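Below: the structure, in structure tokens.
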Amino acid sequence: MSSNHLPELAADCIRQALAAGAADAECTISEGEEFSANIRMREVESLKESGSRAAGLRILIGKNTGSAYTSDLSPEGIRQMVAAAIELAKITTADPHAGLPDAGELGAIPGDLRLYSEDIAQLETPRKIELAREAEAAALDADPRISNSEGGSFDTHLGRNIFANSRGFLGEYRTSYCSLAAVPIAREGESMERDYWVSMARRFAALELPADIGRIAAMRALRRLGGKKVETQRVPVVFEPRTASSLLGNIFEAVHGESVYRQASFLAGKLGEKVASENLTVIDDATTPGLFGTSPFDDEGVPSRRTVILEKGVLRNYLLNTYTARKLGMKTTGSASRGLTGNAGIGHGNLYIEKGAPTPESVIASVANGFYVTELIGSGVNVVTGDYSRGAAGIWIRNGELAYPVSEVTIAGNLKDMLMNVEMIASDLEFRGSTAAPTLVIREMTVGGR
Amino acid sequence: MLGWSYMAFSESFFAHRFGITRSDLESYLADALSRGGDYADLYFEYLSTSSMSLDESIVKSATQGVSVGVGVRVIAGERTGYAYSDDLSPEKIRKAAKVAACIAAGPAKIDKTSLEEGMRRNLYPVLVSPNETAFAERVELVKRADKAARDYDSRIFQVQATYADNLRQVLIATSGGVLSYDRQPLARLSVSALARQNGGPPQRGHAGGGGRVELSYFLDEKPPEYFAVDAARQAVVQLDAVEAPAGETTVVLGPGWPGVLLHEAVGHGLEADFNRKQVSAFSGRIGQQVASPLCTVIDDGTIRNRRGSLNVDDEGNPTARNVLIEKGILRGYLQDQLSSRILGEQPTGNGRRESYEHIPMPRMTNTFMLAGESDPGDIIRSVPRGLYCVNFGGGQVDITSGNFVFSASESYLIEDGKLTRPVRNATLVGNGPEALKYVSMVGNDLQLDEGIGICGKEGQSVPVGVGIPTIRVDRMTVGGTA
């Protein structure tokens, strides 16, 4: 990437906005290069390679905001973007809580956060293709029942984020990312099942080996073969790390500042109260070097930080940006997140459940009759009420052992009860993305089947 | 039936605004095929968007923007090379063409493309796109929605309303000689409301709609009050909801948006890419019974002003009315250029992409079931005990196993043929090739949805429509807790 004038361009956008009548302004510029190679049945299926960049601007006139974005970074494109944002401030309503962070809140974490690695940029195309080929081949070669595949893929992304505001903040950081995945299909008789395994890393050297990715993906698809419905019943439900991570997504929505001030969350108004089992501690940490949820500053120019959300079951903090913090009479947690345009929303850093002592095997062994969930589909979670109902697949647990595959069932309950009923948390915490959870068991949920 | 007229490229948006000529396009295609590709296409896109959002009776956000770019695709056998540029200068387009060209390795096989202007129809004859109207007019929509939802019932305590529109100008040129352009307006209003009584827990309701329409649609046909009252009504209904049943039961789906069942249960599984690769639960089942004889399922991209409609798909092929299932028998798949080339079939006008940055693939347009003969009231009366579902949040499918889910956001218990109590949100699950075999009654009341559907596949989102008459499904698993 060679666009060294971009920080200057962001600063210039701010100057133009102020000259056009804005009292305050924020400008985001992002630039990215993407590459992806897909292999299917050992042949190249597609290659994609390109780059793009775009700018976004948000301005305030009094307490009225207006936003605009453009992919045209020419002087004319920028001029039009500034005019568009100014024009829109005329139709919004004055909002007493609108505004930028105070100057004293702005800043960035010092030091190298290891978000960018040159080893990804240096990979040659044939090598990238070979990685995807090896991952898929490892899955196809794992077992004769792996007879088909949706492929293997290797993707990279190199990005650059620039943020400037009229309170004097100008910051930028680069990111890199690579991922390697295999999506095999297992078949036996009438049963056909797909699963996947993916490894993602900010540096190439940290990626899992293609042979391991293919082998794990194949094992996951194979163990689903012959899945059947079970009787409707209430039983303990064990979430493996991948499905347990989805519970963090639900918790995130419930502690999201916007849900909280609208009282659209079952956790609104519960700060300081015990809302979960004592063994549940949930942390959001955007400061750990090298991880996916890490950044030097949030999308309002506030330094990233570590925030305890649940401490031994007690609700300690919500995730807030400047706006929601002001609405609630609190301080921002440095959790502002936004695309190019509009008011800042809220995002999380590395959001995780603290690990416990038991091994995952001993968590499964603690269940006499229950359901080990390996896949959840659908969007049946209502954080307003906590009602939880999702499609599920996995393995039935009989006398502490994984016994037979289950599919086409639902698991249902209410998040309020589910959080209170987290019984055991295992030690297998791994940061594979920006959320991470160990294996855990919830004492009772309704499994809907026959 | 809408008429077709001659397409004059020189009058098209990209010719006019960016000075792109037919010979420019032919030369970019030649660059794309310079390494021996079998087929190439160019997709130029100029997208203007705007949106405004109200929350707590305050218009908190208003935004507008522009993105411009071109995607170049080259097909060589079953391989695809793709590159794009957000800069429409000839050097940058040529560079993208040369990158995409590298999917093939050899001498050029096609030396020249002659682009032909085809015939053009307009399924959305929108003279002034909502995106081109005064902001002051559009922002009134969210203010009116707020007031109507709050006026509906004193128990409504939060309202959010968002109006969003866009205008997409596209130009598609292919080495098959197709030269197409289109102007695609799209607008949507959505409202969500929270209700609470006596300090109890809040409940949410959501409604919205729109299409490829003029702004007057939201003033005359479906005003903000229509959607706002529906959102508020759903929130209030939920205040008295009881736990949903768990396990297998009889389910009656109301007309319209519950057609999302078809989208998940059969639509995705019939996309030709999955079937060409034999990874769909529907692979190899053409001619087989996959639904009860009462079911005929259509995907139709040609319905006037609908959200899922297109004059041409994103590969330049005209959209069509395609029969997927006829009286329970599987008839056809949804094709794009690549899959139809490999399978030796005709494209069906279902090649779609999210933007110029994305490779097209087979997608649905407006997917619905034809009306049957039953009276909707009789269908409900026929059920001794079951669930009547009228609104859904969304769904998802695993196309390989065929297992799908969709989330009911407004449903009622049926007891002795009568609707009794509203029930809480619940997920319904089923298996694609099996679920529709249990359809035992189909109503005479086909409705299409209000126009809010967004379909996601492999990271790409496109607007779609669904529709269904009232139907009775004898057996389906409901994910409640009771």
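The values are calculated or read from the model by the stated rules, or taken from the named source; none is laboratory data. Note that the coordinates shown come from a computational prediction; the quantities given were computed from them, not determined experimentally. No Cβ is skipped: glycine too gets one built from the backbone with ideal geometry, and neighbour counts run over all protein chains shown.
Here are some notes:
- For the residues A:376, A:340, A:310, the requirement of being under 30 Å from residue B:164 (Cβ atoms) and part of a strand (DSSP E or B) singles out A:376.
- Hits in the stretch B:256-283 - residues which are more than 19 Å from residue B:328 (Cβ to Cβ) and within 9 Å of chain A (Cβ to nearest Cβ): B:274, B:277, B:278, B:279
- Residue B:216 over 20 Å from the mean Cα position of the chain (by Cα), surrounded by fewer than 23 Cβ atoms within 10 Å (Cβ to Cβ) and not in a loop (DSSP other than H, G, I, E, B): yes
- Residue within the stretch B:99-109 that is buried (at least 21 other Cβ atoms within 10 Å of the Cβ) and either within 26 Å of residue A:30 (Cβ to Cβ) or not assigned by TED's automatic domain parsing to the domain that holds residue B:139 (or both) present: yes
- Here residue A:107 clears all of (1) out of contact with any helix residue (DSSP H, G or I) (no Cβ under 7 Å at 6 or more places or on another chain); (2) part of a helix (DSSP H, G or I) except the condition numbered (2).
- Tally, over the stretch B:416-442, of residues that are of a type in the set (Gly, Ala, Ser), under 25 Å from the mean Cα position of the chain (by Cα) and outside any helix (DSSP H, G or I): 2
- Residue ID - nearest to the other protein chains (Cβ to nearest Cβ), chosen from residues in the stretch A:16-34 that are under 30 Å from residue B:98 (Cα atoms) and in contact with a helix residue (DSSP H, G or I) (Cβ under 7 Å, 6 or more places away or on another chain): A:31
- Any hit, the stretch A:181-190, residues being among the hydrophobic types (A, V, I, L, M, F, W, C), farther than 23 Å from residue A:41 by Cβ and crowded, with 20+ Cβ neighbours inside 10 Å: no
- Restricting B:76, B:136, B:83, B:145 to residues that are under 26 Å from the mean Cα position of the chain (by Cα) and free of Cβ contacts under 8 Å to residues at least 60 places away in the same chain narrows the list to B:83.
- Residues of the stretch B:192-214 classified as hydrophobic (A, V, I, L, M, F, W, C) and within 14 Å of chain A (Cβ to nearest Cβ), total: 3
- Which numbered condition residue B:113 misses (of (1) among the polar types (S, T, N, Q); (2) in contact with a helix residue (DSSP H, G or I) (Cβ under 7 Å, 6 or more places away or on another chain); (3) away from every other protein chain (no Cβ under 14 Å); (4) within 30 Å of residue B:205 (Cα to Cα)): (4)
- Considering residues of the stretch B:26-40 that are among the charged types (D, E, K, R) and not in a loop (DSSP other than H, G, I, E, B) only, the residue surrounded by the most Cβ atoms within 10 Å (Cβ to Cβ): B:31
- Flag if residue B:334 is of a type in the set (A, V, I, L, M, F, W, C) and surrounded by 24 or more Cβ atoms within 10 Å (Cβ to Cβ): yes
- Candidates A:38, A:64, filtered to the one that is more than 8 Å from chain B (Cβ to nearest Cβ) and either over 27 Å from residue B:67 (Cα atoms) or under 26 Å from the mean Cα position of the chain (by Cα) (or both): A:38
- Of all residues in the stretch B:296-314 being closer than 22 Å to residue B:115 by Cα and touching a Leu at 6+ places or on another chain (Cβ under 9 Å), the one that is surrounded by the most Cβ atoms within 10 Å (Cβ to Cβ): B:310
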